[in-house]
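Engineer: Following this message is one structure expressed as structure tokens.
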Number of protein chains: 2
Amino acid sequence: MGWTERVVEHLADEGHRLTGPRRAILEHILRYSAPFTAEELLADLQKAGVQVGRATVYRTLELLHTNQWLGLVHRPEGEHGYVVAEPGHQHHLVCRRCGSVIAFQGCELETLLGGLAERLNFRIEGHWLEAFGVCRTCQMTSAA
Amino acid sequence: MGWTERVVEHLADEGHRLTGPRRAILEHILRYSAPFTAEELLADLQKAGVQVGRATVYRTLELLHTNQWLGLVHRPEGEHGYVVAEPGHQHHLVCRRCGSVIAFQGCELETLLGGLAERLNFRIEGHWLEAFGVCRTCQMTSAA
DNA sequence: ATCTACTTGATATTCTGTATCAAGAACTAT
DNA sequence: ATAGTTCTTGATACAGAATATCAAGTAGAT
């Protein structure tokens, strides 16, 4: 069972309807190999001849993000994009060349933050970690 | 030597001019105890009777951010704000009640990411970690 | 004092994201 | 199948953030 099926099933369980626009958006999302924005998706959908409203794209992405089927990745430069994800806590490793994303868990991070929290009497409720660099493929295909 | 002096000295070294607007902005920045946005700063400056253009505020903040005298903090909800920082790698702990920010180093994080990078053959060039929760003061001043 | 290059700021403009609300569908129950 | 209820959609308008432009102004060097 792929990502799309899992999303569809989950949304149905939550009482959301599976509409045409939502189907189209789900399909298109899987074509991205790098983080994408709502505007990019909208443009791509229209370019592909899919008739969808701007509001619907924003709303659907927000719905997926809320349910953790999409993660949010911030680039150092400031922009942020969505990436396909699975529910549950995870972090991302983003290639700054090709944009590919690798998800990972960071259990040891809890320890680090736990110690910090104790020392400062700060009650940590969540964190956000993201790493960027050059993926294996990109390292091989070009120098430096 | 305080933050402002260090910034002024650094900018001078880099060949930047110390203008009235820049002085005013530097002074105002220190008044914030929580992350602030360009628009907020602009409004506060005008409220204080300081005559500065919008573009100048944006440009100056970008200049400071580029030189790492300002850090960028992203809240889980999506907005992001600037916080006073020092050049060099550091992370932030943000209180979601009062917005106060504590900077910290995360040396052990290097280990975690190093192992990950090796396993995946991913060359990590940088990372970004931010934690949020409730600071000591806010824990004391209200329940839950 | 003078000069040059960096800065500024008013304006216009682009772009992102949201509010509105009538029309249109998906799912349910019959 | 059909009807009905409620969720969704999308065109439009709108609000807000951020940038481009470029003449006028000024900091710092000589």
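Engineer: Which pairs have Cβ atoms under 7 Å, sit 6 or more apart or on different chains, and link a residue in region A:40-62 that is closer than 17 Å to A:L30 by Cβ to one that is buried (at least 16 other Cβ atoms within 10 Å of the Cβ) and charged (D, E, K, R)?
Structural biologist: So the pair list comes out as A:T60/A:R22.
Engineer: All but one of (1) crowded, with 17+ Cβ neighbours inside 10 Å; (2) over 21 Å from A:L129 (Cα atoms) hold for B:V83, so report the exception by its number.
Structural biologist: With respect to (1) crowded, with 17+ Cβ neighbours inside 10 Å; (2) over 21 Å from A:L129 (Cα atoms), B:V83 is out only on (2).
Engineer: Follow-up. Looking for something of a type in the set (A, V, I, L, M), surrounded by 11 or more Cβ atoms within 10 Å (Cβ to Cβ), over 18 Å from A:V101 (Cα atoms) and not assigned by TED's automatic domain parsing to the domain that holds A:V134 - is there at least one such residue anywhere in region A:28-38?
Structural biologist: no
Engineer: Only one of these is within 16 Å of DNA strand C (Cβ to nearest atom) and touching a helix residue (DSSP H, G or I) at 6+ places or on another chain (Cβ under 6 Å): B:A38, B:A43. Name it.
Structural biologist: Among B:A38, B:A43, only B:A38 is within 16 Å of DNA strand C (Cβ to nearest atom) and touching a helix residue (DSSP H, G or I) at 6+ places or on another chain (Cβ under 6 Å).
Engineer: Here is a list: A:Q139, A:Q105. Which entry is within 7 Å of chain B (Cβ to nearest Cβ), among the polar types (S, T, N, Q) and open to solvent by 60 Å² or more (accessible area, probe 1.4 Å)?
Structural biologist: Going through A:Q139, A:Q105 in turn, the sole match is A:Q139.
Engineer: Please count how many residues of region A:90-102 are within 25 Å of B:G71 (Cα to Cα) and either away from chain B (no Cβ under 12 Å) or of a type in the set (A, V, I, L, M, F, W, C) (or both).
Structural biologist: Number satisfying all stated conditions: 6.
Engineer: Does A:E14 qualify as being in contact (Cβ under 8 Å) with a residue 12 or more places away in the chain, among the charged types (D, E, K, R), more than 13 Å from chain B (Cβ to nearest Cβ) and more than 13 Å from DNA strand C (Cβ to nearest atom)?
Structural biologist: So A:E14 fails the test.
Engineer: Could you pull out the residue among B:L93, B:L72 that is in contact with a helix residue (DSSP H, G or I) (Cβ under 9 Å, 6 or more places away or on another chain) and within 16 Å of DNA strand D (Cβ to nearest atom)?
Structural biologist: Within the list B:L93, B:L72, the selection yields B:L72.
Engineer: Something else: Scan region B:108-123 for residues that are at the interface with chain A (Cβ under 7 Å from one of its Cβ atoms) and open to solvent by 50 Å² or more (accessible area, probe 1.4 Å) and jot them down.
Structural biologist: B:E108, B:L120, B:N121, B:R123
Residues are listed down the side, and each one gets a yes or a no for (1) of a type in the set (G, A, S); (2) in the same structural domain as B:H16 (by TED's automatic domain parsing); (3) farther than 27 Å from A:L129 by Cα:
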site	(1), (2), (3)
B:A43	yes, yes, yes
B:G49	yes, yes, yes
B:R59	no, yes, yes
B:E62	no, yes, no
B:H65	no, yes, no
B:L72	no, yes, no
B:E79	no, yes, no
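Engineer: Take the residues in region A:46-74 that are within 11 Å of DNA strand C (Cβ to nearest atom), more than 14 Å from every other protein chain (Cβ to nearest Cβ) and of a type in the set (A, V, I, L, M, F, W, C); name whichever of them is least open to solvent (accessible area, probe 1.4 Å).
Structural biologist: Only one residue fits best here, namely A:V57.
Engineer: Out of all the residues in region A:64-77, which are in contact with a His (Cβ under 8 Å, 6 or more places away or on another chain) and part of a loop (DSSP other than H, G, I, E, B)?
Structural biologist: Those that are in contact with a His (Cβ under 8 Å, 6 or more places away or on another chain) and part of a loop (DSSP other than H, G, I, E, B): A:N67, A:W69.
The values are calculated or read from the model by the stated rules, or taken from the named source; none is laboratory data. Bear in mind that the values here come from a model prediction, so they are computed numbers and not experimental data. Note: ideal-geometry Cβ built from the backbone for every residue, glycine included; neighbour counts use all protein chains shown. With ligands, DNA and RNA removed, areas are computed over all heavy atoms of the protein, side chains included. Shrake-Rupley method; radii C 1.70, N 1.55, O 1.52, S 1.80 Å.
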